[in-house]
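See below for the structure under consideration.
The values are calculated or read from the model by the stated rules, or taken from the named source; none is laboratory data. Bear in mind the structure is a predicted one, so any value in this text is a computation, not a measurement. Cβ: placed from backbone, ideal geometry, glycine included. Neighbour counts: every protein chain shown. Accessible surface is based on the protein model in full, side chains and every heavy atom, while ligands, DNA and RNA are left aside. Shrake-Rupley method; radii C 1.70, N 1.55, O 1.52, S 1.80 Å.
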Amino acid sequence: MRIDLHVHSHASDGHLAPAAVVAAAAAGGLHVLALADHDTVAGVAEAQAAGPAAGVRVISAIEVTARHGAAEVHVLGYHVDPAAAALRDHEARSAHRRTDRMRRMVERLNEQGVPVTWDEVIRAAGPEAASLGRPHLARALMAAGHVRSFSEAFDRWLRDGGSAFVDTQFPSVEEAIALIHDAGGLAVWAHPPLDAFDGCIRPFAEWGLDGVEVWRPATLPADAQRMLAATRALGLFPTGGSDWHGPHRGPLGDFHVREEWVREVLDARPWSPRPTRAG
Ligand code: AMP
Ligand code: ZN
Ligand code: FE
Ligand code: FE
């Protein structure tokens, strides 16, 4: 069985509609897919509706943006109930903050002599984007010819701490975990940076973290082994996913994890109430 537990659609900064993501998953030989858009579950219903005909099990998920000190930490929520009040609140707050922040990033670029406009960003994001992010701004900069590549936009202006980067009031990691639990989900640390892993994994576990995204396309086997051991030692489970955003970096399904590696997520009951362990 081929599984990918971290995929984006155009509900956030992915390129394809949720149903098209499911079609791409089927074409790529995947049997299970978790749709985990940034701070929104707006694409989940469409993906789940497309699942049965395509022969793909679609797991309801979200990728919550959180703050930990100066760093951005992403927390995946698996099996969240898209209708949960806690999620709805988070989505609304986050959409508002992201819109506000995008306006300020556009202003900063304009102040630096880069004439990108709000309309160009909205056009780059597409009509379905429920969650505006820096990748949309990078695409607008590319479309208008201000940079030659996506990464040039980040290198010149948008990277964390860059001259057009604007911070947002994201929830703390502890709050993100609690939010996912309130929505009936399992909380998993997405793409943990190796240099932060050892220092953060214990506090995150104390806050109720359930799992760690151990397997990713770029992770070296030795690093995955080390993270897996630390994850298991704390009583947490491992997960894996590609963080696929669209076909431009290769077909969905090229990267996948196996059933026996991610049992805990596959076997979890969707939307069962899950009290937070922290506190
Ligand atoms: P946001 O949620 O608006 O802060 O945007 C975060 C997203 O921007 C991440 O999920 C990445 O997809 C992308 N991103 C962040 N930093 C970089 C970078 N240095 N180069 C390319 N993409 C990046
Ligand atoms: Zn993204
Ligand atoms: Fe992420
Ligand atoms: Fe992601």
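Here segment 96-123 is the region considered, the condition is being open to solvent by less than 30 Å² (accessible area, probe 1.4 Å) and in a helix (DSSP H, G or I), and the residue that is nearest to SER12 (Cα to Cα) is ARG98. Within this structure, ALA71 fails the test of being away from ligand 4 (no atom under 16 Å from the Cβ) and open to solvent by 10 Å² or more (accessible area, probe 1.4 Å). Looking only at residues in segment 142-164 that are within 16 Å of ligand 2 (Cβ to nearest atom) and not charged (D, E, K, R), the one that is farthest from the chain's Cα centre (by Cα) is MET142.
Cβ-Cβ under 8 Å, sequence separation 6+ or interchain: first residue in segment 224-250 and farther than 12 Å from GLY211 by Cα, partner of a type in the set (Lys, Arg) and open to solvent by 20 Å² or more (accessible area, probe 1.4 Å). Which pairs? Pairs that qualify, where the first residue is farther than 12 Å from GLY211 by Cα and the partner is of a type in the set (Lys, Arg) and open to solvent by 20 Å² or more (accessible area, probe 1.4 Å), are GLY241/ARG216; SER242/ARG216; ASP243/ARG216. For LEU5, the test of being more than 16 Å from ligand 3 (Cβ to nearest atom) and either touching a residue at least 24 places away in the same chain (Cβ under 8 Å) or within 16 Å of the chain's Cα centre (by Cα) (or both) is failed. The number of residues in segment 150-164 being more than 18 Å from THR117 (Cα to Cα) and either in contact with a strand residue (DSSP E or B) (Cβ under 8 Å, 6 or more places away or on another chain) or exposed (fewer than 15 other Cβ atoms within 10 Å of the Cβ) (or both) comes to 5. Filter segment 180-202 down to the residues that are within 16 Å of ligand 1 (Cβ to nearest atom) and part of a strand (DSSP E or B), then identify the one that is surrounded by the most Cβ atoms within 10 Å (Cβ to Cβ). Per the criteria, the residue is VAL188. Residues being more than 16 Å from ligand 3 (Cβ to nearest atom), surrounded by fewer than 21 Cβ atoms within 10 Å (Cβ to Cβ) and not in a strand (DSSP E or B) are represented in segment 30-38 by at least one member.
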